[in-house]
Amino acid sequence: MTEGRQVSAEHHGDHNHRDVNGGWLRPAVFGAMDGLVSNFALIAGMDGGTQSGSKFIVLAGLAGLAAGAFSMAAGEYTSVASQRELARAEIEVERQEIARHPIDEEIELAETYRAKGLDPDLADKVAKQFHTDPDQALDEHVREELGIDRNDLPNPLIAAGSSFVCFAIGAFIPLLPYLLGATSVVPALIMSLTALFAAGAVVSRVTSRSWWYSGLRQLILGGLAAALTYFVGSLVGPGIG
């Protein structure tokens, strides 16, 4: 019996979960990383193929920032909106099934509970209890069958906004030294690699990875992308200059 029992204060204060379904974290992280890596690589490639400090590098960096930020935002909005529309369509299918075949749906829910290990009689009672309220029944069927919370679907506007802002911030970092008068790729290289490591370390705060592993992984991947693009630029640039 659990009636009258209360969760200890220590457990209650130490058992708060972070939001994992708000639709902002993935586009924010991906946007920042993509903005930083793609514009760093673009600028490195331009630096390898043109005269260092050239105004064309600044122009390319600004164009990459603007085009990438708008493209990321549009892509995230379309992706999340489509996902949300699909989820709502499937939720509506489940709502109609509950209305048309309530007994069958109740039996189906009870079978789901039994498959999870509940005693058959208890599974029947729990399913019956949920089906006394159509809204609660729908919530439970959607959670069990689709694995989502119909009241907490990702927001496409939040996803698009997060992606746009974070991409722009990430893309601005390698461009900043040139805007301040840098004449070589070295300052952009230092700032970008530092930012890559810091971004990876920050991401570790919401994952199970250690900060140094996450930071080094992002630094290596971003640095490799920039190095390859610089190499391509140095090969192609002189030929088309």
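Here are some values of P(r) over Cα pairs in 5 Å bins from 0, in percent: [x] 1, 6, 13, 16, 17, 15, 11, 8, 6, 4, 2, 1, 0; [y] 1, 7, 14, 19, 22, 18, 12, 6, 1, 0, 0; [z] 1, 6, 10, 11, 11, 11, 9, 8, 7, 6, 6, 4, 4, 3, 1, 0, 0. Which one was computed from this structure? After the calculation, the listed value that fits is [z].
Surface listing: L59, L25 arranged by accessible area from highest to lowest gives L59, L25, probe 1.4 Å.
The slack in the chain from R114 to D135, taken as 0.36 nm per residue of separation less the alpha-carbon distance, amounts to 5.4 nm. How far is it, in nm, from the label point at V126 to the one at L176 when both lie 7 Å from their Cα along the line to the Cβ? If labels sit at V126 and L176, their model points lie 5.2 nm apart. So, R0 is 30 Å and r is the distance between the beta-carbons of D152 and T207; what FRET efficiency does that work out to, to 0.05? Computed FRET efficiency for D152 and T207 comes out at 0.90.
Of the trypsin sites (Lys or Arg not before Pro) found in region 24-123, the ones in coil according to DSSP and having at most 13 other Cβ atoms within 10 Å of their Cβ are K116. Quick one: among V126, V142, V58, which has the greatest mean-square fluctuation in a GNM of the chain with alpha-carbon springs under 10 angstrom? Comparing V126, V142, V58 in the GNM, the peak value goes to V126. Put the Cα centre of region 209-227 next to the Cα centre of region 56-114 and the gap is 30 Å. In the context of the full set of protein chains, the chain has a per residue accessible area of 61 Å² (1.4 Å probe).
Adding -39500 (n - 2.57) for every DSSP H run of four residues or longer, then dividing by how many residues the chain holds, sets the calculated 222 nm ellipticity at -26500 deg cm²/dmol.
For the chain, the longest principal axis of the alpha carbon atoms and the long axis of helix 186-203 meet at an angle near 10°.
Once the chain from R100 to L228 is taken as fully extended at 0.36 nm per residue, the excess over their C-alpha distance is 40.1 nm. For the chain, the longest principal axis of the C-alpha atoms and the axis of helix 25-49 are separated by about 20°. Shown is the FRET efficiency for L221 and E145, computed with R0 = 35 Å from the Cβ-Cβ distance and rounded to the nearest 0.05: 0.40.
Once the Cα atoms are used to define both axes, helix 134-145 deviates from the longest principal axis of the chain by about 60 degrees.
Pop out the carbon and sulfur fraction of the accessible area of the chain as a percent, whole number, probe 1.4 Å.
The computed percentage sits at 62.
Multiplying the residue separation of F56 and L25 by 0.36 nm and subtracting their alpha-carbon distance yields 7.8 nm.
The values are calculated or read from the model by the stated rules, or taken from the named source; none is laboratory data. Keep in mind that this is a model prediction, so the values were computed, not measured. Virtual Cβ from ideal backbone geometry, glycine too; neighbours counted across all protein chains shown. The area values use the complete protein model at the heavy-atom level, side chains included, leaving out ligands, DNA and RNA. Shrake-Rupley method; radii C 1.70, N 1.55, O 1.52, S 1.80 Å.
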